[in-house]
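Heads up: the structure comes next, in structure tokens.
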Amino acid sequence: MKLALSISGVTKDFRIPGSKRWVRAVDNLTLSIRENEVYGLLGPNGSGKSTTIKMALGLMKPSVGECSLFGVASDTPSARLNVGFLPEAPYFQRFLTGRELLRYFAKLAGLSRPETAKRIDALLEKVGLEDAGDRRVGGYSKGMLQRIGLAQALVGDPKLLILDEPTAGVDPVGAAEIASIIRTLKSEGKTVLLCSHLLSQVESVCDRVAIMGRGKRLLEGSIDELTLGTDSSSLQLDGASPELRESVAALAAAEGARVATRRRSLEDLFLELAKGGEGGDD
Ligand SMILES: Nc1ncnc2c1ncn2[C@@H]1O[C@H](COP(=O)(O)OP(=O)(O)O)[C@@H](O)[C@H]1O
Ligand SMILES: [Mg+2]
């Protein structure tokens with residue numbers, strides 16, 4: 001199986017400024033992201049997600065371990081040619097219009113002029129900003145900023161897209177639009193690594209997820225593997241005595257029916273893990 005991103009035995013230690021102490025942001029982490037997969041990286045604030053992404057992109061050097069993009073070591077400059085990145089808190093020049101901003105990034109990505117014009121129109125349409133392309137970015141709403149950020153990440157037509165909290169501060173409608181763009185990208189054969197706190201969104205778009213806590217990978221699997229376990233489904237019957245509960249089950253069985261059980265949501269699982277003392281620093 002071909003891997004879009006491989007993170008192998010990676011640890012990152014930071015010196016705490018003004019002290020001799022170190023903090024371990026990422027702790028012996030191994031992740032493999034397959035081509036054409038939508039992979040969710042979850043975890044509370046401070047669990048090491050953004051640090052992991054920066055190392056995966058070759059923007060930061062691991063203290064220990066290696067990262068590679070499509071089989072090429074991440075710290076090789078050419079490794080990043082196939083990758084688009086939307087950072088956690090992107091900063092854009094406020095006085096540029098959306099179109100000018102994309103033109104700037106297209107130039108950085110080495111696109112030719114005729115290519116650029118076509119590409120920018122297509123991208124503005126893809127992210128639903130076709131009517132706002134000539135407005136200044138300074139006047140964009142939070143959701144529009146995230147969408148122009150997404151267009152920026154897609155400018156070089158990358159095979160792998162890395163999105164660090166693309167829906168932070170975006171309302172549910174905007175978040176659903178971003179989810180729909182991610183689904184389209186998957187259908188076009190792209191690979192997406194998505195960091196998000198919006199668990200219901202992660203649940204609806206990701207093929208597999210990993211949950212991090214204190215720099216470590218606590219769990220990894222497909223959404224079904226993580227949420228379908230038979231011992232984790234539950235039946236909610238508020239205010240019922242044990243006798244009533246038994247007779248409800250017996251009644252259902254006698255009628256050839258089954259008492260429906262609720263599947264554990266990804267959010268339940270996340271909260272259980274966070275409660276288990278493996279949380280982050282906030
Ligand atoms: N440049 C840095 N210098 C010192 N500590 C850092 C630096 N970047 C991140 N950290 C620390 O590393 C841990 C993980 O941070 P981060 O990767 O940003 O987590 P997340 O993205 O999951 O919120 C946190 O404790 C954070 O304070
Ligand atoms: Mg982060």
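The values are calculated or read from the model by the stated rules, or taken from the named source; none is laboratory data. For clarity, every value in this text was computed on a predicted model and none was experimentally measured. Methodologically, a virtual Cβ is constructed for each residue, glycine included, from the backbone with ideal geometry; neighbour enumeration extends over all protein chains shown.
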Scan the helices (runs of 4 or more DSSP H) fully inside the range 140-234 and keep the ones with 1 or more residues being without any contact (Cβ under 8 Å) to a residue 24 or more places away in the chain, under 27 Å from Asn28 (Cα atoms) and not aromatic (Phe, Trp, Tyr). 223-227
Filter the range 111-132 down to the residues that are more than 18 Å from Leu185 (Cα to Cα) and crowded, with 17+ Cβ neighbours inside 10 Å, then identify the one that is farthest from ligand 2 (Cβ to nearest atom). Thr116
Return a yes/no flag: does the range 157-172 have any residue that is farther than 23 Å from Ile53 by Cβ and either out of contact with any helix residue (DSSP H, G or I) (no Cβ under 6 Å at 6 or more places or on another chain) or not assigned by TED's automatic domain parsing to the domain that holds Ala89 (or both). yes
Those residues of the range 12-40 that are free of Cβ contacts under 8 Å to residues at least 60 places away in the same chain and over 19 Å from the mean Cα position of the chain (by Cα) come to a total of 11
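For residues that are of a type in the set (S, T, N, Q) and within 16 Å of ligand 2 (Cβ to nearest atom), tally how many sit in the range 152-167.
Residues of the range 152-167 of a type in the set (S, T, N, Q): 152, 167.
Filter once more, keeping what is within 16 Å of ligand 2 (Cβ to nearest atom): 167.
Total satisfying the criteria: 1.
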Sole residue being in contact with an Asp or Glu (Cβ under 8 Å, 6 or more places away or on another chain) and either away from ligand 2 (no atom under 16 Å from the Cβ) or within 22 Å of Ser141 (Cβ to Cβ) (or both), chosen from Leu108, Leu86, Leu101: Leu86
Is it true that Ala89 is within 12 Å of ligand 1 (Cβ to nearest atom) and exposed (fewer than 15 other Cβ atoms within 10 Å of the Cβ)? yes
How about the range 2-41: which of its residues are out of contact with any Ser or Thr (no Cβ under 6 Å at 6 or more places or on another chain) and within 11 Å of ligand 2 (Cβ to nearest atom)? Leu41
Please tell me if Ser50 is hydroxyl-bearing (Ser, Thr, Tyr), over 25 Å from Leu219 (Cα atoms) and within 16 Å of ligand 1 (Cβ to nearest atom). no
